[in-house]
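**Student:** Handing you a structure now.
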Amino acid sequence: MKDRYDDIDEYIADLKAEIAQNEQCATHHYNLGLALLSKRDFMAAEESFLEAVRNSPHLAEAYVQLGGICLKRNDLEGCLRYNEEAANCRAKFPVPQANIGFVYIQMGKPEKALVHLRKALKWDPEFLQAKTGVATAQFMLNDLKGCEETCLAIIKQEPGFAPAWNNLALAYFEEQEYAKAIEACDKARELGFDVPQGFLDELAPHRA
């Protein structure tokens, strides 16, 4: 286990030694990929995850990681494809469904996003990122009350979750609830969310 190691390079070296003894062990390749990701060596991590799925074609977690690497290089189609593969490998696995929803949001397809985000929440009702995706999709569809309700539910679950405060600010602003929008925006910033300057400029005339 990784927690036996104080040094990530030692852990990587041991994994490579184990792989040399058993090249068909998908788990070792997967764990090596995770270790390389922690060092931000994305190319080597990608090769390790690919080796993992070559040896275990139904290893859903490896497809999810491959999708994440695609996302880092702005390859939305690749991210979508790998997460679809992960979803096909394991029924009722909420993570790839949420990721597929996120990609569809990035592609400007909120209706498709909601289908997958709601699947993720069906299997994991407390999945914050999936709930946030729902709020974003609702906002994109101009369902402002729905977005507001979703954000308030997230904040009730996790008061310090900054993206929910930001989405809430956007919904309030569109509803011309400017004081509430300013309060929610300030809370998002206080919690470390990087609110776009354009939105801050729009709010500025409404500050007392």
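The values are calculated or read from the model by the stated rules, or taken from the named source; none is laboratory data. Note that the coordinates shown come from a computational prediction; the quantities given were computed from them, not determined experimentally. Cβ: placed from backbone, ideal geometry, glycine included. Neighbour counts: every protein chain shown. The protein model used for the area step is the full one, side chains on, heavy atoms only, and it has no ligands, DNA or RNA in it. Shrake-Rupley method; radii C 1.70, N 1.55, O 1.52, S 1.80 Å.
**Student:** To the nearest Å, what is the center-to-center distance of region 138-172 and region 1-69, using C-alpha atoms only?
**Tutor:** Centre-to-centre distance over Cα atoms comes out at 37 Å.
**Student:** Let me ask another. Once the Cα atoms of helix 128-140 and of the chain are each reduced to a long axis, what angle between those two axes, in degrees from 0 to 90 to the nearest 10, is obtained?
**Tutor:** Helix 128-140 sits roughly 50 degrees off the main axis of the chain.
**Student:** Moving on. As an exercise, find the ratio Rg/Rh for region 35-109 from alpha-carbon atoms, using the Kirkwood inverse-distance average for Rh.
**Tutor:** 0.97
**Student:** To the nearest 10 degrees, how steep is helix 8-21 against the longest Cα principal axis of the chain, on a 0 to 90 scale?
**Tutor:** 50 degrees
**Student:** What ³J(HN,Hα) values, in whole Hz, does the Karplus curve 6.51 cos²θ - 1.76 cosθ + 1.60 give for region 97-104 when θ = phi - 60°, with x put for Gly and Pro?
**Tutor:** Couplings: 5, 5, 5, 4, x, 4, 4, 5 Hz.
**Student:** Which residue, Gly101, Gly33, Gly198, tops the fluctuation ranking in a GNM of the chain built on C-alpha contacts under 10 Å?
**Tutor:** Largest GNM mean-square fluctuation: Gly198.
**Student:** Might you list the cysteines of the chain that have no disulfide-compatible partner by the rule of another cysteine's Cβ under 4.7 Å?
**Tutor:** Cys25, Cys89, Cys147, Cys151, Cys185, each lacking another Cys Cβ under 4.7 Å.
**Student:** Separate question: Enter the accessible area per residue of region 68-208 (Å², integer; probe 1.4 Å; all protein chains in place).
**Tutor:** Result: 53 Å² per residue.
**Student:** Report the per residue volume, in Å³, of the convex hull enclosing the C-alpha atoms of region 165-208.
**Tutor:** About 58 Å³ per residue, rounded to a whole number.
**Student:** Shifting gears a bit: At 1.4 Å probe size, with the rest of the protein present, what percent of the exposed accessible area of region 82-208 is carbon and sulfur atoms?
**Tutor:** Result for region 82-208: 50 percent of the exposed heavy-atom area is carbon or sulfur.
**Student:** A further question follows. Can you divide the C-alpha Rg of the chain by 2.2 N^0.38 Å and report the result to two decimal places? Could the numbers behind the result be given before it?
**Tutor:** Working: Rg = 20.3 Å, N = 208, 2.2 N^0.38 = 16.7 Å.
It is 1.21.
**Student:** Another question, if that's okay. Across region 108-150, how large is the tail of the calculated P(r) beyond 11 Å, expressed as a percent of all Cα pairs?
**Tutor:** Result: 58 percent of Cα pairs exceed 11 Å.
**Student:** Straight-line reach from Lys16: which aspartates and glutamates fall under 14 Å, measuring Cα to Cα and dropping same-chain residues less than 8 apart?
**Tutor:** Glu47, Glu51
**Student:** Considering the dipole of region 1-156 built from charges on the beta carbon (Lys and Arg +1, Asp and Glu -1) around the Cα centre, which of Gly67, Phe127, Leu15 is farthest to its positive end?
**Tutor:** Checked the options; the winner is Phe127.
**Student:** Additional query: Any chance you could give the angle, 0 to 90 degrees and rounded to 10, that helix 76-89 forms with the longest Cα principal axis of the chain?
**Tutor:** The helix 76-89 is inclined about 70 degrees to the chain.
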